[in-house]
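Since the structure comes first, as structure tokens, the remarks are kept for the end.
The values are calculated or read from the model by the stated rules, or taken from the named source; none is laboratory data. Just so we're clear, the structure is a prediction, and the values are computed from it rather than from any experiment. Cβ placement follows ideal geometry from the backbone for every residue including glycine, while neighbour counts extend to all protein chains displayed. Just so you know, the surface numbers come from the protein's heavy atoms only, side chains and all, with ligands and any DNA or RNA stripped out. Shrake-Rupley method; radii C 1.70, N 1.55, O 1.52, S 1.80 Å.
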Amino acid sequence: MKRLTKLIHGGTPVDPHTGAVNVPIYQTSTYKQDDIGVHRGYEYSRTGNPTRHALEELIKELEGGARGLAFSSGLAAIHAVLSLLDSGDHVLVTDDVYGGTYRIITRVLSRMGIEATFVDTSDLHALEQAIQPRTKALFVETPTNPLLKLTDIAAVSRWTKANGLLFIVDNTFSTPYWQTPLALGADIVVHSATKYLGGHSDVVAGLAVTASEKLGEELHYIQNAVGGVLGPHDAWLLIRGMKTLGLRMEAHEANARAIAGFLASHPAVRRVYYPGLPWHPQHELARRQALGFGGMISFDAGSAEQASKVLGKVRYFTLAESLGAVESLISVPARMTHASIPKERREQLGITDGLLRLSVGIEDQEDLIADLEQSLEG
Ligand SMILES: *Cc1c(COP(=O)(O)O)cnc(C)c1O
């Protein structure tokens, strides 16, 4: 099955109990047992729910894994995955990782005795320098947020395998429509499904897919024990959104390519970050490991004042957190998504005060470019 077909027919496309062509919202917390412990696959909805199960089967197939799991948010999924680690373990993490992931690791897991080193995972040499005897896992985001830096998943997976590390990839930005990290050697994929997978800014959700049954069992144990599960209504909304993932991703990308080209030639723009630009330092890697470049662009407007001016003038780019939905959004990472990262560290990473991040929507391309043009004027 090719990926556009998988989005429609993958997982559990028809309700096995009724034949309904959309798996219904099984709004139930518990299930009748025919005798003690004798049930029809479901006992209690924290452990399992048919609507959630349909979603979990769908993401499992899309990512090409052994088990899919749906969580109440991307961070709940990331927290569950990192809970596979023990006190005393050490984890390597991409340096410009999502701010919320940075916060879990430095403020929550640190209190449980799990240590982390943030490292430029696009540089294998830097990884080799950072590994410690207690290192158990590598957590990579690629492309990163907001600088669109890439990690070579296949090369890094050879290195994690040689060193016995669990290799986790946050695939939120690319989605399985463009990139399937498990096929390149990762052990676990996580998503903020709130973004492209949902696609309509109407649901907060997280997904995880494991390459092996064994890891899937361990992660389900944590999911059930801790309880950060996705409710049936949100699971249903997510399935509905995911049916059009392919159409949306193609539209996001067509718009993003045109906008990146426009920004790159604009005199008021200091620098554009988009892997689809031929001079992006990792353009070749982007072409090799993914089928598309995605819909996220960051650009440096030069200063905080200039960035504020653009924000004040744009009409079709809504100032908001989040990304990946049909409507175009604009944000200032230094003051929003990445505000929880200390300023000094942000500057080191290149997340300057003048950096603007665009989540390019699926509106008309000419309207979007004209909007940016008028906002950059003067
Ligand atoms: C938004 C986001 C998260 C967190 O997901 P939530 O659904 O907001 O909890 C994690 N990783 C990346 C790359 C994100 O963009």
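Before moving on, here are some points about what is shown:
- The residue that is surrounded by the fewest Cβ atoms within 10 Å (Cβ to Cβ), counting only those in region 166-204 that are more than 9 Å from the ligand (Cβ to nearest atom) and among the charged types (D, E, K, R), is D202.
- Yes/no for H79 being within 15 Å of the ligand (Cβ to nearest atom), open to solvent by 10 Å² or more (accessible area, probe 1.4 Å), not assigned by TED's automatic domain parsing to the domain that holds E321 and not in a loop (DSSP other than H, G, I, E, B): yes
- Residue, most open to solvent (accessible area, probe 1.4 Å), within region 58-76, restricted to residues that are near the ligand (Cβ under 9 Å from one of its atoms) and part of a loop (DSSP other than H, G, I, E, B): S72
Residue-wise test of (1) assigned to a helix (DSSP H, G or I); (2) among the charged types (D, E, K, R); (3) over 27 Å from E321 (Cβ atoms).
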{"site": "T106", "(1), (2), (3)": "yes, no, no"}
{"site": "A116", "(1), (2), (3)": "no, no, no"}
{"site": "T121", "(1), (2), (3)": "no, no, no"}
{"site": "P133", "(1), (2), (3)": "no, no, yes"}
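- Some residue of region 145-155 being at pLDDT below 95, open to solvent by less than 40 Å² (accessible area, probe 1.4 Å), under 23 Å from A80 (Cα atoms) and touching a Phe, Trp or Tyr at 6+ places or on another chain (Cβ under 8 Å): yes
- Residue in region 297-305 that is modelled with pLDDT of 95 or more, under 30 Å from F71 (Cα atoms) and open to solvent by 30 Å² or more (accessible area, probe 1.4 Å) present: no
- Scanning region 317-338 for residues that are surrounded by fewer than 18 Cβ atoms within 10 Å (Cβ to Cβ), more than 14 Å from the ligand (Cβ to nearest atom) and part of a loop (DSSP other than H, G, I, E, B) yields a total of 2.
- Residue ID - nearest to T172 (Cα to Cα), chosen from residues in region 119-157 that are among the charged types (D, E, K, R) and away from the ligand (no atom under 16 Å from the Cβ): D152
- Within region 85-118, tally of residues that are open to solvent by 10 Å² or more (accessible area, probe 1.4 Å) and within 12 Å of the ligand (Cβ to nearest atom): 4
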